[in-house]
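A.B. asks: The following block contains the structure, expressed as structure tokens.
Taken together, the values in this text are just the output of simple stated rules run on the coordinates, not laboratory data. Values in this document were obtained by computation on a predicted structure and should not be read as measured data. All Cβ positions, even for glycine, are placed from backbone atoms using ideal geometry, and neighbour counts span all protein chains on display.
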Amino acid sequence: MHSAIITGTGVFTPENVITNEELVESYNAFVDRFNAAHEEEIVAGEVAERTHSSADFIREASGIEQRYVMNKDGVLDPTRMFPRLDARADDAPGLMAEMGVHAIQTALAQAGRAPEDVDLILCAASNHERAYPAIAVEIQELLGAGGFAFDMNVACSSATFGLQTAADMVRTGSVKCAIVVSPEICSAHLEWRDRDCHFIFGDVATAMVVEREEDGKSGFRIRSTRCVTKFSNNIRNNNGFLRRTHDQMEDRRDMQFMQNGRKVFKEVLPMVSTHIANHMEHEQVQAGDLKRLWLHQANKTMNDYIGKKVLGREPEAGEQPNILQDYANTSSAGSIIAFSKYSDDMAPGDVGLLCSFGAGYSVGSAVLERV
Ligand code: COA
């Protein structure tokens, strides 16, 4: 068996930023238009009046201050409230593939590898822009990589489940140099007209290079990974060909991200805490051994709770870095952004824990040691 290490990471950040204030201004304009257009039905009790959103609520409930998006004007147009991401011609690169390639180029440069060294690409993301051919195979072609490639989806845990898959293949020798890439265009599966969740998501792409340690590279040794799933409908997106055929897309709300946020909060927290405690026990890692926690980036209160539970005390500044204030929830990419941006200062022998959680439910974790 080989030892697997992460030798490079990359983050592609879209150019457009939407602040909470901009988001709320456009949402409230949409609400005013909606209420005016349905005034009679609202008075007759046939349609529910819509309520304004608030930037203060968003910051306090989630910790989010802004988000990056692939298209801004479509989202902020109160008559539209959806990104303008036109389908590309069949002979042009897809949007996910293009974002993924940007993130991979940064990760490969950090790893000191060329595309031809790569023999596996996993495109691990929450929503794929088409059913097939796999986005990962398109990325393989655009990069000029060899070997094979495939897509996988475990929602917010896609990247950590992808990391386990890649690391296991590197360990057993079926591949030598793998890439886990997570292009997350969350803006296209978010209902921007739903006050309960319109602030939650942003767009990004992340990539990790996973290789054999004995190939003489430095990076983060993947000491072990753990994945767990337990079915729940509390976070879901029912979009799919069966629904589309039967419902003719009329019930659009059902075809995008939906969640019962309160239930998610209550049910996922104990699941994550238990999962991390079990992983640490099996790996014989004590709280005092952990220099860093790179957690899923959905909600600040949630991360504060998990950080305190894992370490047995309030995390000190920098021990449990959050990026959600800048990026919002970027699904599976969130913990990888935190890892990519907050790991350079770690010394050889330092240990950290990467952990994602979300729809499924799913939890994926990795104990990483700087080498
Ligand atoms: N602006 C202003 N007020 C809002 C609002 C908005 N955009 N959205 C909701 N509210 C109001 C509600 O109407 C409610 O008011 P009420 O008490 O008078 O009825 C109040 O704020 C609380 O709403 P609630 O939805 O219960 O908020 P919350 O405190 O649970 O926070 C989340 C909402 C989504 C931030 C939180 O539940 C969460 O983070 N859950 C887990 C999310 C998660 O990890 N999901 C994984 C996704 S991959």
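A.B. asks: Which order do L120, L163 fall in if you start with the one that has the fewest other Cβ atoms within 10 Å?
C.D. replies: So the ranking, lowest neighbour count to highest, is L120, L163.
A.B. asks: If you don't mind, there's one more thing I want to ask. For the stretch 185-194, take each phi angle, set θ = phi - 60°, evaluate the Karplus expression 6.51 cos²θ - 1.76 cosθ + 1.60, and give the result in whole Hz per residue in order, putting x for glycine and proline.
C.D. replies: With the stated coefficients, the stretch 185-194 comes to 9, 5, 4, 8, 10, 9, 8, 6, 9, 9 Hz.
A.B. asks: Only Cα pairs under 8 Å and at least 6 apart count here; give the relative contact order of the chain as a rounded whole percent.
C.D. replies: 23
A.B. asks: Which shape class applies to the stretch 222-370: rounded if a/c is under 1.5, otherwise prolate when a/b exceeds b/c and oblate if not, where a ≥ b ≥ c are the square roots of the Cα gyration tensor eigenvalues?
C.D. replies: Prolate shape, in that a/c is at least 1.5 and a/b is the bigger ratio.
A.B. asks: Please identify, among A44, A166, A149, the residue showing maximal mean-square fluctuation in a Gaussian network model of the chain using a 10 angstrom Cα cutoff.
C.D. replies: Comparing A44, A166, A149 in a Gaussian network model of the chain, the most mobile one is A44.
A.B. asks: Let me ask you something else. Assuming R0 = 45 Å, what is the FRET efficiency of S174 and D254, from their Cβ-Cβ distance, to the nearest 0.05?
C.D. replies: So, using R0 = 45 Å, E works out to roughly 0.70.
A.B. asks: GNM, the chain, Cα, under 10 Å: largest mean-square fluctuation among L269, L324, L353?
C.D. replies: Answer for the Gaussian network model of the chain: L269.
A.B. asks: Rounded to whole Hz and in sequence order, give me ³J(HN,Hα) for the stretch 109-124 from the Karplus expression 6.51 cos²θ - 1.76 cosθ + 1.60, θ = phi - 60°, writing x for Gly and Pro.
C.D. replies: Ordered by residue, 3J(HN,Hα) equals 4, 5, 7, x, 10, 9, x, 5, 6, 7, 10, 8, 10, 10, 9, 10 Hz.
A.B. asks: Can you work out the FRET efficiency for the pair T301 and E116, with r the C-beta to C-beta distance and R0 = 56 Å, to the nearest 0.05?
C.D. replies: The value I calculate is 0.80.
A.B. asks: Most mobile of A347, A287, A92 per a Gaussian network model of the chain (Cα springs, under 10 Å)?
C.D. replies: A92
A.B. asks: Please give the Cα centre distance for the stretch 196-243 versus the stretch 320-371, rounded to the nearest Å.
C.D. replies: When both Cα centres are located, 10 Å separates them.
A.B. asks: Treating each Cα of the chain as an identical point scatterer and ignoring solvent, apply the Debye formula and state log10 I(q)/I(0) at q = 0.08, 0.09, 0.11 Å⁻¹.
C.D. replies: For the chain at q = 0.08, 0.09, 0.11 Å⁻¹, log10 I(q)/I(0) is -0.40, -0.50, -0.74.
A.B. asks: A further question on this structure: Can you bin the stretch 303-371 into rounded, prolate or oblate? Criterion: square roots of the alpha carbon gyration tensor eigenvalues sorted a ≥ b ≥ c, rounded for a/c under 1.5, prolate for a/b above b/c, oblate for the rest.
C.D. replies: Rounded, because the longest to shortest axis ratio a/c is under 1.5.
A.B. asks: Simple spin-label model, 7 Å along Cα-to-Cβ: E41 to D91 in nm?
C.D. replies: 4.6
A.B. asks: Let me ask another. Note down the nm distance, to one decimal, between modelled labels 7 Å out along Cα→Cβ at R59 and at Q284.
C.D. replies: Label-label distance for R59 and Q284, simple model: 4.8 nm.
A.B. asks: Then there is this: What is the calculated FRET efficiency for A109 to K309, with r their C-beta to C-beta distance and R₀ = 30 Å, to the nearest 0.05?
C.D. replies: FRET efficiency, A109 to K309: 0.25.
A.B. asks: Measure nothing but the geometry: give the 0 to 90° angle between the long axis through the Cα atoms of 300-311 and the longest principal axis through the Cα atoms of the chain, rounded to 10°.
C.D. replies: 30
A.B. asks: When we measure straight from the Cα of K263, which lysines land under 27 angstrom away, once same-chain ones fewer than 8 places off are left out?
C.D. replies: K230, K300, K308, K309
A.B. asks: Sticking with this one: Whole Å is fine, so just give me how far the alpha carbon centre of the stretch 261-280 lies from that of the stretch 23-97.
C.D. replies: Result: 30 Å between the Cα centres.
A.B. asks: Separate question: Using the Karplus curve 6.51 cos²θ - 1.76 cosθ + 1.60 with θ = phi - 60°, what ³J(HN,Hα) values do you get for each residue of the stretch 260-276, in whole Hz, with x for Gly and Pro?
C.D. replies: 9, x, 4, 5, 4, 3, 5, 8, 7, 4, x, 4, 5, 4, 5, 4, 5
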